[in-house]
1. Checking residue 206 against (1) surrounded by fewer than 18 Cβ atoms within 10 Å (Cβ to Cβ); (2) closer than 22 Å to residue 245 by Cβ, which single condition isn't satisfied?
2. Go through the stretch 206-222 and give me each residue that's without any contact (Cβ under 8 Å) to a residue 40 or more places away in the chain and assigned to a helix (DSSP H, G or I).
3. Find the residue count for the stretch 177-203, including only residues that are surrounded by fewer than 23 Cβ atoms within 10 Å (Cβ to Cβ), assigned to a loop (DSSP other than H, G, I, E, B) and either among the hydrophobic types (A, V, I, L, M, F, W, C) or at pLDDT below 95 (or both).
4. Quick check on the stretch 88-99. Is at least one of its residues of a type in the set (S, T, N, Q) and in a helix (DSSP H, G or I)?
5. Consider only pairs whose beta carbons are under 6 Å apart and that are at least six residues apart or on different chains; among these, list those whose first residue lies in the stretch 94-119 and is within 17 Å of residue 58 (Cα to Cα) and whose second residue is among the aromatic types (Phe, Trp, Tyr).
6. Can you name the residue in the stretch 146-171 that is without any contact (Cβ under 8 Å) to a residue 40 or more places away in the chain and part of a loop (DSSP other than H, G, I, E, B) and, of all such residues, is nearest to residue 237 (Cα to Cα)?
7. Hey, any hits in the stretch 229-244 for a residue that's at pLDDT 95 or above, under 28 Å from residue 276 (Cα atoms) and in a loop (DSSP other than H, G, I, E, B)?
8. Looking at 275, 266, which one is aromatic (Phe, Trp, Tyr), in contact with a Lys or Arg (Cβ under 8 Å, 6 or more places away or on another chain) and within 16 Å of residue 187 (Cβ to Cβ)?
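The values are calculated or read from the model by the stated rules, or taken from the named source; none is laboratory data. Computed from a prediction, not measured in an experiment: that's the story for all the values here. Quick reminder, even Gly has a Cβ in these numbers, built from the backbone with ideal geometry, and neighbours come from all protein chains shown.
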Amino acid sequence: MPRPLLLSLALALTPVLFTTACAADPAAQAAVKPAQWPFAATEVARFDSPWAMAFLPDRSLLVTEKAGRLVHLDPASGRRHAIAGVPQVAHAGQGGFGDVALHPQFARNGLVYYSYAEPGENDTRGAAVARARLVLDAQGGGRLADAQVIWRQTPKVSGNGHYGHRLLFGPDGKLWISSSERQKFDPAQDMGGNLGKIIRLNDDGSVPADNPFAAQGSPANQVWSLGHRNILGLAFDARGRLWENEMGPKGGDELNLIQRGGNYGYPLVSNGDHYDGRDIPDHHTRPEFVAP
């Protein structure tokens, strides 16, 4: 069923996506009614499994749909057009077309960055990040031109969960990527791969020389922090500090202030437990790991 795309009018048109996949507990929803929200919400369009969106300079939107579509939407008129050139995606479970972000100099270079679940060999999958030049026509349609994959999760593994693949440009102009652990636990501590990590790259996909593990070679040189589970939010605050929100095991969701080179402990520690009931030691038992 198509999901509504809502824009918050009272907060300078801050976008809010509502999907039933992330619906809150009914009792919690009943506690705060729409009339009590500190913003006004107006539906402007409906999409099938929308995952991310980005505002263009003219305040139109690029919206990703998990099945593998990129849509250009004019929220004022409701007109929408498909963008051609989207890659093949592994659309199953939590996988599909993911995030979309504009280069900080988009008005000059037209570069768009996007993430997606990429099929591999022998029934494996992994997140990939590509960049391309967005070419729009007079009607609002367009295409992705000169596409180039600049980063991939490694290793590709089986399963359809915990890709992460959130994208964010920081105040330093670097590209930050959330690379979740693909529901495989141990890779979050393995520097021989980039799963369960926060990644920091230059805008062309190369590795900054000042990354904390730059001397260790690829893929460790991409890593800014490790020991993460399923990272679904990245944001910088007004002081330039990076925060992430992480879907943890049962009872263990986290909000973390990210430290350069920090190890956040998963799966060795967590303030939650495995969904099968097995205990995970709490953070206070291992002070060498950064606590939420």
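1. Of (1) surrounded by fewer than 18 Cβ atoms within 10 Å (Cβ to Cβ); (2) closer than 22 Å to residue 245 by Cβ, only one is false for residue 206: (2).
2. Within the stretch 206-222, the first condition is being without any contact (Cβ under 8 Å) to a residue 40 or more places away in the chain, and the residues that meet it are 206-211, 214-218, 220-221.
Scanning the stretch 206-222 gives 214, 215, 216, 220, 221.
3. Total satisfying the criteria: 2.
4. no
5. Note: pairs meeting the criteria are 100/114; 101/113; 104/169.
6. The residue in question is 156.
7. Within the stretch 229-244, one or more residues are at pLDDT 95 or above, under 28 Å from residue 276 (Cα atoms) and in a loop (DSSP other than H, G, I, E, B).
8. Of 275, 266, the one residue that is aromatic (Phe, Trp, Tyr), in contact with a Lys or Arg (Cβ under 8 Å, 6 or more places away or on another chain) and within 16 Å of residue 187 (Cβ to Cβ) is 266.
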